[in-house]
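The values are calculated or read from the model by the stated rules, or taken from the named source; none is laboratory data. These figures come from a predicted structure and were not determined experimentally. Methodologically, a virtual Cβ is constructed for each residue, glycine included, from the backbone with ideal geometry; neighbour enumeration extends over all protein chains shown. The accessibility values were calculated without ligands, DNA or RNA, using every heavy atom of the protein model including side chains. Shrake-Rupley method; radii C 1.70, N 1.55, O 1.52, S 1.80 Å.
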Amino acid sequence: MDFAWSDQQKELLAAVDRFVKEQLNYDMIENDRNAVFNHDAWKKCAGFGIQGLPVSEEYGGLGQDPLTTVAALERLGYGCKDNGLLFSINAHMWTAIIPLIFNGNEAQKKKFLPGLVDGSLIGGNAMSEPNSGSDAFALATTAVKKGAKYILNGSKIFVTNGPIADVLLVFAATDKSKGAQGISAFLVEKEFPGLDLSHKIEKMGIRTSPMGEVFFEDCEVPEENLLGKEGAGSWMFTRSMTWERGSILAAHVGTMQRLLETCIRYANERKQGGQSIGKFQQVATKIVEMKMRVERSRHALYHYGWAMNHRKAVYMEAALAKLEISDSWVKCCEDAIQIHGGYGYMVEYEIERELRDSLGSKLYSGTSEIQRNIVASLLGL
Amino acid sequence: MAKTVVLIELDRGQLKRPSLNAITLARQLGSDYALLILGHSLNEVASSLVSYGASTVLVADNPALAEPLADRYAWVIAEAMRKLSATTLLASSSTFSKDILPRVAALVDAPMVTDVLALEQENGETAFRRPVNAGSMLATVRLSGERRVLTVRATAFPTPAADAAPCPIEPFEFDPASLPNDTEFISREERASDRPDLGEARVVIGGGRALRDKESFDRLVGGLADSLGGAIGATRAAVDTGLAPNDYQIGQTGKVIAPDLYIALGISGAIQHLAGIKDSRIIVAINKDPDAPIFQVATYGLVADLHQVVPQLIGAIKAG
Amino acid sequence: MKILVTFKSVPDPYAGAGAAAKSVINPFDEIAIEEALRMRERGEATEVVGVTIGPAQVDEQIRSALAMGIDRALRIDDSRALDPYALARILYSLVTKEAPQVVLMGKQAVDDDSNQVGQMLAGLLGWPQATFVSKIEFLDDKKRARCGRETDSGIEVIAVKLPAVITADLRLNEPRYVSLPGLMKARKKPIETLTCEQLGVKVEPLTTILSISSPPRRPSGVRVTSVEELIAKLKEEAKVL
């Protein structure tokens, strides 16, 4: 077992550190208040190479392995406080790029991947529906073949990047009688007739990542935009979901590391009764536990990345990483607020936003309950 | 025979007074020295230099030298050194001397030391102290070879007295046709100001990015400077955000100042800025952030919002 | 048009106090590299060659320069503590071999703060120079360059015939960051190594650093709590008002 990074990985991670420090340290309070997506930062990340990390060089990407990719994202999260931007990038990478890499034909890859990598295209997926969330495959949205086109009808909810998307991977039932085996995936482009992306949803946290409802009213999708085969949608979704689960919180291991450092600094500087509050056992204990959470999360993440690199079945590792990091992130934010006292509750200190941003991590990409179900079933329960 | 040449700087025909301070190092070095000026129509300036104890004031006066173009000036200075068999060339540090002197050094095959702060003797050898790493360290350096070129920090050497018997003024003759002709002077920014020169002012007010906008910068930094008859300086951040012009920048890559009083408004005190101010006699810092590094070097520190206290300060000074 | 851009490896000037100082490309040289790349991107330059002098450890900064986008890199292998004049003489022999139209470099290295090499190199070559430059435009079908220079009394504009040596000031541009694709491409670009012997130049530094010391600390000052108190101190104690 070797925990060391190679020289090339070190060089890459150092470049991420420098990029984030110099290019992504913008003011977040106003953007969060007004729910503003930072297009400029999106473009910068793409130009730097983030969105293309797992994409092969042939399509303009970097061809990095999963472990290096999640480590790079961890560094991104350490320096970048815009959790909404990070969420949008993750949704784009795991729910649009990855399914395309694994299921796209050459023409589809050539058409979409270079733009998704260089930031000129924003992607996402549309799976959840008003009446199907965790029960993902009970879809009401239908796709009916008509000549060289599929006609989509229905609606989707909680579509990350929906309001700003150029291309969405939409899951719809092509054959309701087959249940999960009757679901197909389509690359729906924003200018297709019958597509309505205009309904934005307001959220508690990660407010700078636009989310919306999407409506299909006789939406015409050319048959060449069917991804994979008819009926392959649910299998495709499950496969990319493993990537999504394991990787989507990578950045927030970095976020936690930053919170930990902020708390240590504050605990050393803040004096009460003539000594720094870090000397109080109750404060010190919270910080030690925070450190333990960061390390557990990091190990869970790297172990997932390592397992992916070795192409083993990673359902367990992905679910464990998702559970560990989401629980830890929320708890770290709560503790950080508690350590900062009243200041932590104030917007200016930028910790309350972290808590709001963290809570969603127990919901998206499969709730914590679903992750526990996966682990339980893999344990033979 | 003079062994040292001190280059005296003119700015649009006017003597730059800090450039005289290099004479003090020439005196410490102990040998004869000649003063050298280059330009056009220099009679008046030349006669103002005769009492500084030089063996001669050498004047290179020619229309072709009206503007300080490095290739021409360096060529003339190197010729003058050869003619005088001079082994040392000195000038006070400025963008003028830093542009020209290294080029002369290459022409006369000499090593060079930039920003000399003091002359030292180490084991009986002459050495020079100079700042490195934005002034966070001092290096003592020795030069070998027959000739040497030095720029000196004007703030580290006192202005020499002009109390010697007048020396002769000699024209330095050269053939203008042999001057390099590869550089054309096009223009120079003219900015009229009633305020004293930043490098020479007794009082300097410095402004940082905390001033936020140009209106505040002019009103608060400018207002305080005017109430004290002082000059204005700025940090790199303030210049980068357009609050002040480039030549106001104080610090490692800008100007180095040592006024009687420096008042830093909304300046955090990056090491690069401190490099330019730490020889000031009195430093006052006004900053909202009690942990700003500027307070570590300030003689007097006031933790306050400058937008509130600077108008009070201006009022109090005006009230006497 | 070929551009030679020189750069030096220095301890990171923006590393916090106490942090182990990582080496970086001298910030002024990074600006020079950026300018050369922009010249190539505008179609004014055809090749940007980077050169540095130092031991193998500086290869890391060379890779950064390659990742920014320079076409090829040369390292003159010399681990001695060379002074600016020695560096200028080594570069002189390289420039006569590479024959660029423009040599670009930072106006000074932020560790040594000497601000000499560019001017010395220009003097040795007999080329015109434009130092502390914040703007460059080519004129007359790239036979001349019009340069804005940052001087103590404001911007001065000159035009120099090419070939010339130009040294960059802070505000010439804002250097690009090293992107990951740039980094990957850089891994495939070779770093050519030369010795002074191969260049046929023999230099010995004429400057020796005898000792390094810390400057005297300013005596710690006092905090005042009001404008009135400040004025009183300035009048009565400091006697500057």
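Some observations on this one:
- Within the set A:F137, A:F171, the sole residue that is open to solvent by 60 Å² or more (accessible area, probe 1.4 Å) and of a type in the set (A, V, I, L, M, F, W, C) turns out to be A:F137.
- Selected residue [farther than 23 Å from B:V239 by Cβ, more than 7 Å from every other protein chain (Cβ to nearest Cβ), hydrophobic (A, V, I, L, M, F, W, C) and in contact with a Pro (Cβ under 8 Å, 6 or more places away or on another chain)] from C:L162, C:L139, C:L121, C:L125: C:L125
- Residue match in region A:242-263 (condition: open to solvent by less than 70 Å² (accessible area, probe 1.4 Å) and acidic (D, E)): yes
- Selection within region B:4-43 - closer than 19 Å to B:R103 by Cα and of a type outside the set (A, V, I, L, M): B:T4, B:E9, B:S19, B:G39
- Inter-residue pairs, beta-carbon under 8 Å, first within 10 Å of another protein chain (Cβ to nearest Cβ) and free of Cβ contacts under 8 Å to residues at least 12 places away in the same chain and in region A:27-53, second surrounded by 13 or more Cβ atoms within 10 Å (Cβ to Cβ) and in a loop (DSSP other than H, G, I, E, B), 6+ apart: none
Each row is one residue, and each column tells you yes or no for (1) assigned to a strand (DSSP E or B); (2) modelled with pLDDT of 95 or more.
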residue	(1), (2)
A:V144	yes, yes
A:N153	yes, yes
A:A172	yes, yes
A:K178	no, no
A:A185	yes, yes
A:S209	no, yes
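- For region B:85-135, the set of residues classified as touching a Ser or Thr at 6+ places or on another chain (Cβ under 8 Å), more than 7 Å from chain C (Cβ to nearest Cβ), assigned to a loop (DSSP other than H, G, I, E, B) and among the polar types (S, T, N, Q) consists of B:T87, B:S93, listed by residue number.
- Subset of region C:202-237 [surrounded by 12 or more Cβ atoms within 10 Å (Cβ to Cβ), assigned to a loop (DSSP other than H, G, I, E, B), free of Cβ contacts under 8 Å to residues at least 40 places away in the same chain and facing another protein chain (nearest Cβ under 7 Å)]: C:P215, C:R218, C:G221
- Residue match in region B:208-216 (condition: open to solvent by less than 40 Å² (accessible area, probe 1.4 Å), in the same structural domain as B:V303 (by TED's automatic domain parsing) and not in a loop (DSSP other than H, G, I, E, B)): yes
- From the options C:Q116, C:Q57, C:Q61, residue that is away from chain B (no Cβ under 13 Å), of a type in the set (S, T, N, Q), open to solvent by less than 40 Å² (accessible area, probe 1.4 Å) and within 24 Å of C:D12 (Cα to Cα): C:Q61
Residue-by-condition table, conditions (1) part of a helix (DSSP H, G or I); (2) touching a strand residue (DSSP E or B) at 6+ places or on another chain (Cβ under 8 Å); (3) open to solvent by less than 10 Å² (accessible area, probe 1.4 Å):
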{"site": "C:R80", "(1), (2), (3)": "no, no, no"}
{"site": "C:D111", "(1), (2), (3)": "no, yes, no"}
{"site": "C:I155", "(1), (2), (3)": "no, yes, no"}
{"site": "C:A159", "(1), (2), (3)": "no, yes, yes"}
{"site": "C:E174", "(1), (2), (3)": "no, no, no"}
{"site": "C:V178", "(1), (2), (3)": "no, no, no"}
{"site": "C:P181", "(1), (2), (3)": "yes, no, no"}
{"site": "C:K189", "(1), (2), (3)": "no, yes, no"}
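- Cβ separations smaller than 7 Å between residues 6+ apart or across chains give the following pairs from region C:26-42 residues that are crowded, with 22+ Cβ neighbours inside 10 Å to residues that are of a type in the set (D, E, K, R): C:N26/C:K8; C:F28/C:K107; C:D29/C:K8.
- Being over 21 Å from B:A270 (Cβ atoms) and either open to solvent by 20 Å² or more (accessible area, probe 1.4 Å) or outside any helix (DSSP H, G or I) (or both) is a property that B:I317 has.
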